[in-house]
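Have a look at the structure below before the remarks.
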Amino acid sequence: MAKKKATTKKAAKAALAPHADGAPAIDIGINAKERARIADGLSHFLADSYTLYLKTHNFHWNVTGSMFNALHTMFETQYTEEWTALDEIAERIRALGFNAPGSYSEFARLTTIKEEPGLTNTADWRQMVGQLVSGNEAVCRTAREVLEIADDADDAPTEDLLTQRLQTHEKYAWMLRSLLQ
């Protein structure tokens with residue numbers, strides 16, 4: 001038994017060896033494999049969140065019709081909050097020791113949300129709202145998947161971040177859906 005503990009301690013020290021650049025290894029109580037799984041899930045979540053942000057901002061610019069004022073204001077409130085959250089998600093990925101995706105091509109590859117290709121003719125506000133309901137729900141589904149991974153790894157900060165995002169996006173989906181009922 002003593003030999004096994006010594007071997008385990010030796011393996012743990014090897015896993016915490018400094019990086020080639022001299023920076024200390026990450027030792028936050030979550031092993032590298034679990035951190036990689038969480039960071040990968042958060043990258044998908046970030047891509048969904050960014051795509052939703054972009055779509056919401058697009059619709060803010062292009063909404064027309066009888067609901068213009070209310071939706072223009074609502075979309076601005078939502079995209080402003082979503083923009084702030086993007087930074088928190090990306091910084092959590094970095095805290096886990098991985099680079100956050102940050103290009104359109106990466107986001108397009110990772111997202112589950114269908115991109116709005118641009119509007120040559122303004123879409124009806126009902127279509128915009130319907131797409132944003134679907135987008136918020138997609139973000140929620142991705143958050144729940146990553147939440148399970150974070151829970152398995154006992155990663156409370158990621159769980160807290162995702163729980164807060166779930167509350168926000170469930171509320172947005174409800175508020176938007178209410179406009180169509």
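Bear in mind that the values in this text are calculations on the coordinates, not laboratory data. Fair warning: this is a prediction, and the values are worked out from it, not measured in the lab. All Cβ positions, glycine included, derive from the backbone under ideal geometry; neighbour counts span all protein chains shown.
Quick notes
- Spacing of the two label points (7 Å from each Cα toward its C-beta) at T84 and M67, in nm: 2.5 nm
- The range 79-181: relative contact order in percent, alpha carbon pairs under 8 Å with at least 6 residues between: 28 percent
- Long-range HN-HN contacts of A25 with modeled amide H, under 5 Å: H19
- Note, ³J(HN,Hα) from phi for the range 126-136, Karplus 6.51, -1.76, 1.60, rounded to Hz, x at Gly and Pro: 5, 5, 4, 4, x, 5, 6, 4, 4, x, 5
- Based on the Kirkwood approach, the hydrodynamic radius assigned to the range 130-173 is 10.5 Å, with every pair of different Cα atoms included.
- Convex hull projection area averaged over all views, the range 30-179, Cα basis, nm²: 8.3 nm²
- Cβ-Cβ FRET estimate between S178 and E115, R0 fixed at 22 Å, reported to 0.05: 0.30
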